[in-house]
1. Test Leu263 against the stated conditions and say whether it is closer than 30 Å to Gly60 by Cα, at pLDDT below 85 and hydrophobic (A, V, I, L, M, F, W, C).
2. Does Ala97 meet the test of being modelled with pLDDT of 80 or more and surrounded by fewer than 20 Cβ atoms within 10 Å (Cβ to Cβ)?
3. If a residue must be assigned to a loop (DSSP other than H, G, I, E, B) and open to solvent by 30 Å² or more (accessible area, probe 1.4 Å), how many such residues does the stretch 202-212 contain?
4. Residues to consider are Val198, Val205; find the one that is among the hydrophobic types (A, V, I, L, M, F, W, C) and closer than 23 Å to Gly151 by Cβ.
5. Given the conditions (1) surrounded by 17 or more Cβ atoms within 10 Å (Cβ to Cβ); (2) within 25 Å of Phe69 (Cα to Cα), report the number of the one that Ser244 does not fulfil.
6. When you check Arg123 against the structure, is it open to solvent by 40 Å² or more (accessible area, probe 1.4 Å), modelled with pLDDT under 90, under 19 Å from Glu161 (Cβ atoms) and in contact with a Leu (Cβ under 9 Å, 6 or more places away or on another chain), yes or no?
7. Restricting to the stretch 89-106, what's the tally of residues that are more than 17 Å from His52 (Cα to Cα) and part of a loop (DSSP other than H, G, I, E, B)?
8. Can you tell me which residues in the stretch 213-223 are open to solvent by 20 Å² or more (accessible area, probe 1.4 Å) and part of a helix (DSSP H, G or I)?
Amino acid sequence: RSGRGAARRSGGRAVLGGRHVHLMVREVITVQVGQCGNQIGCRFWDLALREHAAFQRGTGTFDESMSSFFRNVDARRSPAAEIGLGDGTRPISSLRARAVMVDMEEGVVSQVLRSPLAELFDRSSILTDVSGAGNNWAHGHDEYGPMHRDGLLERVRRAAEPCDSLQCFSLIYSMGGGTGSGLGSYTLHALADDFPAVTRITTAVFPSATDDVITSPYNSVLAANALLQHSDVAIPVDNAALASMVRRAEGAPPHSTAATGGLGGSAEGVRPDSLASNGGGRSVGGSGGGSGGGPSG
């Protein structure tokens with residue numbers, strides 16, 4: 001913004017009226033719903049760790065940018081003890097993602113918890129069921145939503161408690177699947193009711209034109225209403241375009257599905273090939289799940 005109140009960022013501080021002012025940390029809690037949301041979320045955390053490791057160049061410090069998405073904890077204690085940001089130069093002890101993982105099937109979440117990323121997620125921030133929503137928006141929204149509302153919001157509150165200044169919720173889910181579209185929409189509404197002052201940003205993965213699940217278009221239309229009503233910012237993602245980007249990155253032919261499994265619900269989408277180090281020699285990165293959209297989440 002222009003004018004006398006304008007501030008210019010400089011090395012984690014703002015220059016306001018010629019004075020350097022320390023900027024308050026602004027945390028983001030990621031809510032991953034359904035198979036698609038957890039697959040994409042898994043790749044997001046893997047990439048965030050790798051980029052931070054590359055930027056830090058082995059120093060392993062917990063700075064302001066890191067604290068927006070991660071917590072620094074002493075895992076030797078039970079429960080893990082929070083280590084504050086301080087002046088942004090404290091070493092990383094053990095990282096925990098500011099994330100809530102939700103799925104009405106256990107497959108993808110179980111995969112993540114068997115991967116090198118497992119220690120990144122607090123088990124108390126995970127909510128699963130066993131039967132899934134059967135690609136049915138109503139099943140996810142009207143049955144699982146009320147059934148798990150209290151548990152879901154309790155996990156979100158637990159993730160919000162360590163935050164100094166919570167900036168927003170970042171939701172990731174599919175618009176075509178039953179859990180993603182139905183329970184994702186319910187979650188978005190619940191967050192609007194319980195945290196009205198916190199911005200809600202939704203990454204919504206829309207099914208491709210060749211999607212073979214007959215309920216996907218109906219799920220998408222019903223879920224779109226929740227986006228209009230309760231999301232402050234919506235980032236639409238086309239599943240076919242996402243699959244094409246991954247195929248190009250993996251060097252596969254433009255219309256091939258060999259490299260990615262089509263990204264249409266396969267948990268073996270993008271295969272991990274690297275780990276990020278926390279600077280102390282202990283692995284905190286990597287991924288066991290794929291990245292993808294698709295109808296089943």
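The values are calculated or read from the model by the stated rules, or taken from the named source; none is laboratory data. Model, not experiment: these values are computed from the prediction. Here the Cβ positions follow ideal geometry from the backbone for every residue, glycine too, while neighbour counts run over all protein chains shown. Only protein heavy atoms, including side chains, enter the accessible area calculation; ligands, DNA and RNA are left aside. Shrake-Rupley method; radii C 1.70, N 1.55, O 1.52, S 1.80 Å.
1. No, not satisfied.
2. no
3. Filtering the stretch 202-212 for residues assigned to a loop (DSSP other than H, G, I, E, B) gives 207-212.
Within this subset, residues satisfying the condition of being open to solvent by 30 Å² or more (accessible area, probe 1.4 Å) are 207, 209-212.
Residues in the stretch 202-212 being assigned to a loop (DSSP other than H, G, I, E, B) and open to solvent by 30 Å² or more (accessible area, probe 1.4 Å): 5 in total.
4. Within the list Val198, Val205, the selection yields Val198.
5. For Ser244, the exception is condition (2).
6. For Arg123, the condition - open to solvent by 40 Å² or more (accessible area, probe 1.4 Å), modelled with pLDDT under 90, under 19 Å from Glu161 (Cβ atoms) and in contact with a Leu (Cβ under 9 Å, 6 or more places away or on another chain) - is not met.
7. 3
8. Pro217, Tyr218, Val221, Leu222
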